[in-house]
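Structure, as structure tokens:
Read the figures in this text as sums done on the coordinates, not as results from a lab. Computed from a prediction, not measured in an experiment: that's the story for all the values here. Positions of Cβ are backbone-derived with ideal geometry, glycine not excepted, and every protein chain shown enters the neighbour counts.
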Amino acid sequence: ELGGYAHFMQKEIFEQPESLRNTLRGRLMRDEGDARLNGLQLTDEEIRSFDRVLILGCGTSWHSALVGRHFIETLAGLPVDVEYASEFRYQRPLPLKNTLAVAVSQSGETADTLEAMKAARERGARVVGVVNAVGSSIAREAHGGIYLHAGPEVGVASTKAFTSQLAALLLLGLHLGRRRSLTVEQGREVVEAMAALPAMIEQTLKLDDELARIALTFSEASNALYLGRGVSFPVALEGALKLKEVSYAHAEGYPAAELKHGPIALIDDDMPVIVVAPADHIFSKVVSNVQEVRARGGQILVITTEGNRDLSAVADREVAVPATHELLSPLLTVVPLQLLAYHIAVLRGCDVDRPRNLAKSVTVE
Ligand code: F6R
């Protein structure tokens, strides 16, 4: 059942062109520049009545939510809050009027997420799910939702569910946006870019050999810093989480500009620093942040966009993903980070598919 792969994590990373196609199938409306989301069960009138969105999740699903905030704020013009489900459920119960709450969960069985969505509903929110496991508790508890159709995820470290969650949240942003103020033309631009993503992930997976080589240089480090800004900040968090989970190295994700407010003290000549820096509106700011690291040592790997300016002056190593709509870059930039974590874990002799102390779904508080 591993179909030639050494581990489920590796198989699932390489399945992403296919899992993403499955998430998008039948949902992209090219002419209308819209997303068909029949399972959402929201009328156009309801969609126009929302004045905020709240996204709830844990772990990798919380990282998807953080990226999703950018999607929904940009496409639908609605303010979005993102909360850890475990924190939200014990917060002061303020009313949630005109609020769309979105529970994100691969397994659909995460206890904190399930309880948080119940709390959101009791406070007056309309609650929908972004779930992979069909018929799971969270899917049943939701008013409606979007199934990922990514197929079963076996590796404990979430990989293909993350990219499919991002795709589902993009579809949601598009769907809400087109019923609010997003124009057909703007919608079409996003639809076209989304349709091209599966092939671009295929392209990105060709970086595997290069990342296996880069992993050799990082495999003995016991710490790593992951940096990004804007949509790439949650990608940095996700890259750090993947490394921690499967290789047991300590890693932190930071918004690149926050480094100078403390963590830069950690930088020495041996510290691996992985920077997620696609060519977007904030790229030049990220480059200045990287220069600050450079001046203090640090082994810098930059994940950027093909055809971007020469980064050899600031980076020790560089890998490039295909160019896409700037909002969509996380679906590509996360792939090298998944591969890097995988190869480092294998080199360190870790049990990649069953990391110590972890379970695939967390059904206890
Ligand atoms: C990380 C990972 C966990 C899950 C988290 C939420 O690789 O797998 O952080 O993302 O436990 O799980 P779901 O999405 O099933 O609610």
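Once the convex hull of all Cα atoms in segment 1-84 is built, its volume per residue stands at 140 Å³. Projected onto their three principal axes, the Cα atoms of segment 247-365 cover extents of 43, 35, 31 Å, largest first.
What distance in nm separates the simple spin-label points at ARG92 and ASN38, each placed 7 Å from Cα in the Cβ direction? Going from the ARG92 label point to the ASN38 one covers 4.5 nm.
Listed by chain and number, the lysines whose alpha-carbon sits under 17 Å from that of LYS242, ignoring those within fewer than 8 places in the same chain, are LYS11, LYS160, LYS360. Each principal axis of the Cα cloud of the chain was taken in turn, and the coordinate range along them, longest first, works out to 56, 44, 44 Å. Beta-bridge orientation, the chain: approximately 5 percent antiparallel, per DSSP, counting only bridges with both partners inside. Label-to-label distance, ARG309 versus ASP269, with points set 7 angstrom from Cα along the beta-carbon direction: 2.9 nm. For the peptides 288-299, 265-276, 167-178, 52-63, the ranking by mean Cβ contacts within 10 Å, running from highest to lowest, is 167-178, 52-63, 265-276, 288-299. Remark: segment 287-303, residue by residue, has Karplus-estimated 3J(HN,Hα) of 4, 5, 4, 5, 4, 4, 5, 3, 5, 10, x, x, 9, 9, 10, 10, 9 Hz, where x stands for each Gly or Pro and the curve is 6.51 cos²θ - 1.76 cosθ + 1.60 at θ = phi - 60°.
The average projected area of segment 36-75, computed from the convex hull of its Cα atoms over all directions, is 3.5 nm². In this entry, segment 61-169 is assigned a mean projected area of 6.3 nm², taken as a quarter of its C-alpha convex hull surface.
Helix 208-218 and the long axis of the chain differ in direction by around 60°, with both axes built from C-alpha atoms.
Mean residue ellipticity, 222 nm, helices only, the chain: the sum of -39500 (n - 2.57) across DSSP H runs of n ≥ 4, divided by residue count and rounded to 500, is -13000 deg cm²/dmol. Using only side-chain charges placed at the Cβ, +1 for Lys and Arg and -1 for Asp and Glu, the dipole size of the chain relative to its Cα centre rounds to 760 debye.
Rounded to two decimals, the Cα radius of gyration of segment 250-294 over 2.2 N^0.38 Å is 1.13.
Dipole magnitude for segment 155-212: computed about the Cα centre from +1 point charges on Lys and Arg Cβ and -1 point charges on Asp and Glu Cβ, it is near 480 debye.
Based on every Cα atom in segment 92-223, Rg and the maximum pairwise Cα distance Dmax equal 18.5, 52 Å. Compared with the direct C-alpha span, the chain from GLU45 to GLU258 gains 72.6 nm at full extension, assuming 0.36 nm per residue.
Assuming charge only on the beta carbon of Lys and Arg (+1) and of Asp and Glu (-1), the dipole of segment 265-348 about its Cα centre is about 100 debye to the nearest 20.
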